[in-house]
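Worksheet for the structure shown next.
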Amino acid sequence: MTHLRLWQFEVPEEQEDRFVSAYKSDGDWAKLFATAPGFIRTDLWRNGDGVYLTADHWESYEAFERFQASQGDEYRRLDAELEGLAIAETFLGAFDLVR
């Protein structure tokens, strides 16, 4: 089963280059996630008005949970480092693929 986690960000124009660098498919987040078994990929989407969506694909919810358990400190460190790039950040939800 595939597990998807969606986030929405509102990013001011002056932060867009750094934001994209950190959140794109080979950015800082994806590099951290890639250290974990069960990570598939990250996609970054934008609408042209400074609104971005990230879609993190995992093999399962359990794979994501194992990542959180083993890499939680690094996750929080990176989150703190990137704080302020977005003026709003909203977790849209976690979804499992229905077959």
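Within region 1-16, the set of residues being of a type outside the set (Val, Ile, Thr) and in a loop (DSSP other than H, G, I, E, B) comprises 1, 12. Among the residues of region 79-99, just one is closer than 24 Å to residue 40 by Cα and in contact with a helix residue (DSSP H, G or I) (Cβ under 6 Å, 6 or more places away or on another chain), namely 82. Would you confirm whether or not region 31-53 contains a residue that is farther than 20 Å from residue 72 by Cα, aromatic (Phe, Trp, Tyr) and part of a strand (DSSP E or B)? Yes, region 31-53 has at least one match.
For region 66-83, filtering for residues that are assigned to a loop (DSSP other than H, G, I, E, B) and surrounded by 11 or more Cβ atoms within 10 Å (Cβ to Cβ) leaves 1. Scanning region 36-69 for residues being touching a Ser or Thr at 6+ places or on another chain (Cβ under 9 Å), hydroxyl-bearing (Ser, Thr, Tyr) and over 20 Å from residue 89 (Cα atoms) gives a total of 1. Of all residue pairs spaced 6 or more apart or on separate chains, those with beta-carbon atoms under 9 Å, a first member in region 5-21 that is over 15 Å from residue 88 (Cβ atoms) and a second member that is assigned to a helix (DSSP H, G or I) and modelled with pLDDT of 95 or more are 5/64; 21/28.
Restricting attention to region 84-99 and to residues that are within 16 Å of residue 18 (Cβ to Cβ) and of a type in the set (A, V, I, L, M), the residue that is surrounded by the fewest Cβ atoms within 10 Å (Cβ to Cβ) turns out to be 87. Of the candidates 63, 94, 86, the single residue that is assigned to a loop (DSSP other than H, G, I, E, B) and touching a residue at least 40 places away in the same chain (Cβ under 8 Å) is 86.
Number of residues in region 1-57 that are touching a His at 6+ places or on another chain (Cβ under 8 Å), of a type in the set (Val, Ile, Thr) and buried (at least 18 other Cβ atoms within 10 Å of the Cβ) equals 1.
The values are calculated or read from the model by the stated rules, or taken from the named source; none is laboratory data. What you see is a predicted model; the values in this text were computed from it and never measured. Note: ideal-geometry Cβ built from the backbone for every residue, glycine included; neighbour counts use all protein chains shown.
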